[in-house]
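These notes are about the structure you will find just below.
Throughout, read-outs are computed from the coordinates displayed, never taken from laboratory work. None of the values given here were measured: they were computed from a predicted structure. Cβ: placed from backbone, ideal geometry, glycine included. Neighbour counts: every protein chain shown.
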């Protein structure tokens, strides 16, 4: 850095030396130079150029840079320099000098404003422009043409060096022109005064309201006045702009007493009160009782500007005057025909007055507004209605039931304001209903208007229990009350319910499909749950009728009422089996129709009915029937082994038979007994005695053979014998057979006699005949041969031995039959004894 500085100094010294060496300035004489001026008019701030030409020189001068003997001065009459800087002198190639000056300030800039008054309409032009001179000297002597007079004109208008002066006070009355400000300090950037009619065309005034009309005027070419006019009172701001040819705007400063700003202010005051323009407003067509009813009166001038309450006859803006609101009077006449003067509430500075009155009774009111000053005028006649005030908890009442049935619950509200007027302020009433049992909020509907300004609300409370009703007026709790909802007294066929035995839906297409199975003789329960249409359990239970119809009789053992849940419990039993219709009636209407099927109870062996014949013919097919019953006598299905055992009292024989039962209520067993006699029988099911012991007597069947029992033979061949008639099973026919049914044939056909005598259950035959070696006796019964007996006489023996000639088969059967009878009797007696042990 130091190296560069030293190099610069050396270079500069070299240039000065070189220049001095080349310069050849010939000294001039005053008469050897001519000054040439282009014009006698210069403009401030713009260069003014003139030349100095040497004459009479034998050789051209070579002062290429400067001539220190030449001086130039700009002097005004007061010896002030009007040039901005020193003159610029530059040599030319032909040896001439070119001189440039910059004129700036003229004389008037230093004079006070305003200038001295004059009787002329316009100021002397010299006031704003003065003759100045340019003095050119060479070596202290004026050159030819010096001093040279010139006129310096101002430069272009400079807003920054200009200023508008606001008049104090800048206020006036509406409708009259107001001088707002004077624009006299009009200057260029050198503070030179500028005047010219065309300047006003480049000025623009901007006002804060379009209601103000502003105009600019030249006054004797001294200054420009800013004048305004408006019919609207108020304080307004304004700005003054200089508009350049290109359209750009520049604000001009505005000076007040204390500040300098780009914004100025002026004010238009209201005019005197105009009675016909007084405005009355604010009186409501209706109001609530007790509220302040106000009427507002605004004093206006003829331009509708708010003005003061001052009698227009004495209105004067030049002095301070106080408002007098007493020139306005307001009177109110109510339903009681009593005149009430309204009270004055306040007065604003600009004629705004308000009167108010309180009315407590509902009805129509008349109001009059009067002007009383230098003249009396009725300004307004009107009416208004007083409506009820806001509902008051102190005077309002309500009718809410404590107990109610489920459904629509009505709640009546009688709203009154603080003064007892029926209030229509139902929009401030809020009702909430809360189900306290289920902790949920329910809707409230209404209101429905009633007479005497009553309001009816309702809520649908369907579930029994407690409900909390809270009423609010204007958001403040008014009252709390609990409503207890009970079930409706009318049961619902759709919501009531039947459960238990007999509560099914048994029919499909008129066919019994599902019937509750019951056991005969057992107790069963049927519950009837009574509910109202909302499903609440009812405690009013005397509306239920139970009918059970069927083949038997149903016995209702008990009826238990559960009032807490609305349930009736019927306990009934049915003995007789079958299908029964269970019908439940509610207040005579059918609630439910169901069916039950009663099945037999547990098989009761002693109740078994055994059907056995008291007597039978030997060999005949007979049945032993058994019907099985429960303890109530209902046929009862039985499964298992069924056995019948029959034993003889006479000969100890036993007859057994058994079958397998599968859900049988009846059983039949074939009974065939061949041996006549008395029998005892018993039935066993699964080894248990069923029914009672029965007795069967077996009688011989139709005789099918006879037995001849020899009783004795005489020596004369007289045979005494007993004939026993027997059936096919070798049973002696106990019942005597008519003699005409018996026929005897003796062969050979010899002379013989016979006699038959009935003796008990046999026939005694006395037979004698002519002696023959051999005889044959045929016994016939109803044309059927029962027996053939042969004998012969043996003269060597005295006894008659018919047994040698009797048919062997017949004797065998006879002997077997006799033995069978004896055995049967013995066995039967023994069996009977055993039965007695079983019992």
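Report for segment 605-699 the percent antiparallel among DSSP-assigned beta bridges with both residues inside it, nearest 5.
90
Please give the length that would be gained between residue 481 and residue 372 if that part of the chain were fully extended, namely 0.36 nm times their separation in residues minus their C-alpha to C-alpha distance (nm, one decimal).
My answer for the length gained is 33.3 nm.
I want to check the label-to-label distance for residue 262 and residue 84. Put each point 7 Å from Cα in the C-beta direction and report it in nm to one decimal.
The answer from the label model is 2.4 nm.
Find how much the distance from residue 662 to residue 244 grows on full extension, using 0.36 nm per residue of separation minus their present alpha carbon separation; answer in nm with one decimal.
Stretched fully, the residue 662-residue 244 segment lengthens by 137.2 nm.
For the pair residue 490 and residue 390, what calculated FRET efficiency results from E = 1/(1 + (r/R0)^6), where r is the Cβ-Cβ distance and R0 = 56 Å, to the nearest 0.05?
0.85
Which of the peptides 355-365, 671-681 is most tightly packed, and how do the rest follow, going by the mean number of other Cβ atoms within 10 Å of each residue?
The packing order, highest mean first, is 671-681, 355-365.
Spin-label point model (7 Å from Cα, Cβ direction): what's the residue 778 to residue 641 distance in nm?
According to this spin-label approximation, the distance is 5.4 nm.
In nm, what is the difference between 0.36 nm times the number of residues separating residue 135 and residue 255 and their Cα-Cα distance?
Using 0.36 nm per residue and subtracting the Cα-Cα distance, I get 39.2 nm.
Given a Förster radius of 35 Å and the C-beta distance between residue 688 and residue 569 as r, what FRET efficiency does 1/(1 + (r/R0)^6) yield to the nearest 0.05?
0.35
Applying 1/(1 + (r/R0)^6) with R0 = 25 Å to the Cβ-Cβ distance of residue 292 and residue 321, what FRET efficiency is obtained, to the nearest 0.05?
0.25
How would segment 397-486 be classified by its alpha-carbon gyration tensor: rounded, prolate or oblate, with rounded meaning a/c under 1.5 and the a/b versus b/c comparison settling the rest?
In terms of gyration-tensor shape, prolate.
Output the antiparallel fraction of DSSP beta bridges having both residues in segment 159-269, as a percent to the nearest 5.
Restricted to segment 159-269, the bridges split so that about 85 percent are antiparallel.
Using only the Cα atoms of segment 159-269, build the gyration tensor, take square roots of its eigenvalues as a ≥ b ≥ c, and label the shape rounded, prolate or oblate: rounded if a/c is under 1.5, else prolate if a/b is larger than b/c, else oblate.
prolate
With each pseudo-label sitting 7 Å past Cα toward Cβ, what's the residue 71-residue 561 distance in nm, one decimal?
14.6
Shape call for segment 503-657 from the C-alpha gyration tensor, a ≥ b ≥ c root eigenvalues: rounded (a/c under 1.5), prolate (a/b greater than b/c) or oblate?
It is prolate, given that a/c is not under 1.5 and a/b is the larger ratio.
Could you work out how far the C-alpha centroid of segment 536-611 sits from that of segment 191-218, in angstrom?
117
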